[in-house]
Amino acid sequence: MAASALSFVRNLCWRRICEIRQVQPVCIPSVHLHMTAATMQVSQKDFEKAQEQLKLLKNDPGNETKLKLYALFKQATEGPCNSPKPGMLDFVKKAKWDAWNSLGSLSQDNARQEYTKLVSSLISAESAGKKKDTSPKESSHGGYETLIVTTDNNITKIMFNRPDKKNAINHKMYREIISALQEAAKDDSTIAVVTGNGEYYTSGNDLNNFSNVQPSEMKKVAKEGAELLKEFVGSFIDFPKPLIAVVNGPAIGISVTLLGLFDVVYASDKATFHTPFSQLGQSPEGCSSYLFPKIMGSAKANEMLLFNKKLTAAEACALGLVNEVFPDSTFQKEVWARLKAYASLPKNSLAVSKQLLRNMEKEKLHAVNSQECEVLTERWLSDECLNALVTFFQRKSKL
Ligand SMILES: CCC/C=C/C(=O)SCCNC(=O)CCNC(=O)[C@H](O)C(C)(C)COP(=O)([O-])OP(=O)([O-])OC[C@H]1O[C@@H](n2cnc3c(N)ncnc32)[C@H](O)[C@@H]1OP(=O)([O-])[O-]
């Protein structure tokens, strides 16, 4: 009941509380009851000054502190609580009454002293906080070569950062994305966002991942590549918080197929969505062989995954792969304002809801991922795939 009373109190307006000078809490420890005369030097003037200072506080000190202030104020001005106990369902009044009553026989002098001390500590904490605010709010996660990872406003942003290579995903980036997701799963953020630095979201798998491999090594490299891919896609399947893609530009290959594993996808109108698997002698991954037909229906999924159809952002949105498309000129501003609002929602509620939605399909998704990786291992050893790669490197062919 105390907890629910406090949650009702949470809705009390802080200004109003200040106006009526309702203040403070609960356990004034016994030390206050044994104050010496020397410590009881708070004059009526100091007490009144504290009341004025309290009105200048900018930040809401929280319900517990407000109840403490309320109780001490009442004790200081009226003495011990003698009013009748409010009914159980009058949560706000009852929480205030409980706080005041908990002060027992604390003297009015001591209550004034405690009230003044508490206000002074709140003022000091606020001005210390203001000084701290001058340092950058955004915290940057070091140690990444191919990503920029930051946390700000309860959002962990994972940004592909190889703009001169159109953010192509090399082996290092695959591993770093896995680590960044693991870190984001455990950090204080409420949501995680994946986006690209520069003009591209990402051009997908770095085709150099397959170059410079001796023929005798091909099998081993294909097997290791598939293991890495399986772990990579698995980390998206298992990610426990809401995961949002902010598709700032063209997206190719695996960066498109993975979108089915995001909770929300926002795109600039400059974004395109291209999965040129058959052109590359390869096959779909990222659970797209299962999720794309579910998202957009088989006919449309077939055009994309079999016949390399490139979608505009508007087309991807109409098919349900993208939630919303924004004009490129306002994309960042609009999307980040929205994400900031999402990230202020209750963190645990979002996480359990996300997990509830994902858990229905998790086993199936891992099975699909395994199967797709198995097929790809074979594809990477095929002549069709090798010829496509040779063509890319010979003429730096463009899609
Ligand atoms: C593992 C699971 C299976 C995954 C499947 C997939 O993702 S399938 C999808 C696989 N993805 C593809 O098939 C896409 C292949 N890439 C392309 O078709 C084109 O590069 C483009 C259309 C992305 C951009 O054309 P543009 O004329 O605007 O720019 P530009 O070409 O001058 O590029 C600038 C530099 O970036 C380089 N680079 C870019 N992307 C890649 C890459 N993926 N790889 C390697 N390098 C890449 C490019 O070589 C160049 O390097 P340079 O010469 O400066 O040393």
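Quick note: the coordinates plus some simple rules give every number you see, no bench work behind them. On a predicted model such as this, the values are computed, not experimentally measured, just so you know. Cβ sites come from the backbone with ideal geometry, for glycine too, and all protein chains shown count toward neighbours.
Quick look at the values:
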{"read-out": "Whole-number D in µm²/s for the range 304-399 (Stokes-Einstein; Kirkwood sum over Cα pairs; 25 °C, 0.890 mPa s)", "value": "136 µm²/s"}
{"read-out": "Listed residue (S298, N59, P84) projecting farthest to the positive dipole end of the chain, Cβ model", "value": "P84"}
{"read-out": "Dipole in debye (nearest 20) - the chain, about Cα centre, beta carbon charges: Lys, Arg +1; Asp, Glu -1", "value": "1060 debye"}
{"read-out": "Entries in K172/K230; K166/K270; K55/K340; K68/K117; K74/K94 that, when Cα-Cα distance is taken, lie over 21 Å", "value": "K55/K340"}
{"read-out": "Share antiparallel - DSSP beta bridges, the chain, percent rounded to 5", "value": "35 percent"}
{"read-out": "For the chain, the longest site-free run once trypsin sites (Lys or Arg not before Pro) in DSSP loop states with at most 13 other Cβ atoms within 10 Å are removed", "value": "138-395"}
{"read-out": "Value at 222 nm in deg cm²/dmol, rounded to 500, when DSSP H runs of n ≥ 4 in the chain each add -39,500 (n - 2.57)", "value": "-16000 deg cm²/dmol"}
{"read-out": "Dimensionless Rg ratio for the range 302-349, taking C-alpha atoms and the 2.2 N^0.38 Å reference", "value": "1.56"}
{"read-out": "Whole-number D in µm² s⁻¹ for the chain, Kirkwood Cα-pair radius fed into Stokes-Einstein, 4 °C, 1.567 mPa s", "value": "52 µm²/s"}
{"read-out": "Fully extended contour minus Cα-Cα distance, from E384 to D152, at 0.36 nm per residue", "value": "79.0 nm"}
{"read-out": "Three principal axis lengths of the range 115-206 [C-alpha, angstrom, descending]", "value": "64, 24, 20"}
{"read-out": "Anchor K347: lysines whose Cα lies under 20 Å away (excluding residues fewer than 8 positions away in-chain)", "value": "K137, K157, K186, K241"}
{"read-out": "Separation in nanometres of the label points that stand 7 Å from Cα toward Cβ, at V92 and Q44", "value": "3.1 nm"}
{"read-out": "Stretchable slack from E138 to D187, in nm (0.36 nm times residue separation minus alpha-carbon distance)", "value": "16.3 nm"}
{"read-out": "Cα→Cβ-extended label distance, 7 Å offset, between S211 and S298, nm", "value": "4.0 nm"}
{"read-out": "Cα gyration tensor category, rounded, prolate or oblate, for the range 196-264 with a/c compared to 1.5", "value": "oblate"}
{"read-out": "Helix 328-343 vs. the chain, principal-axis angle (Cα, 0 to 90°, nearest 10)", "value": "50 degrees"}
{"read-out": "Least to most buried among C81, C287 (fewest other Cβ within 10 Å first)", "value": "C81, C287"}
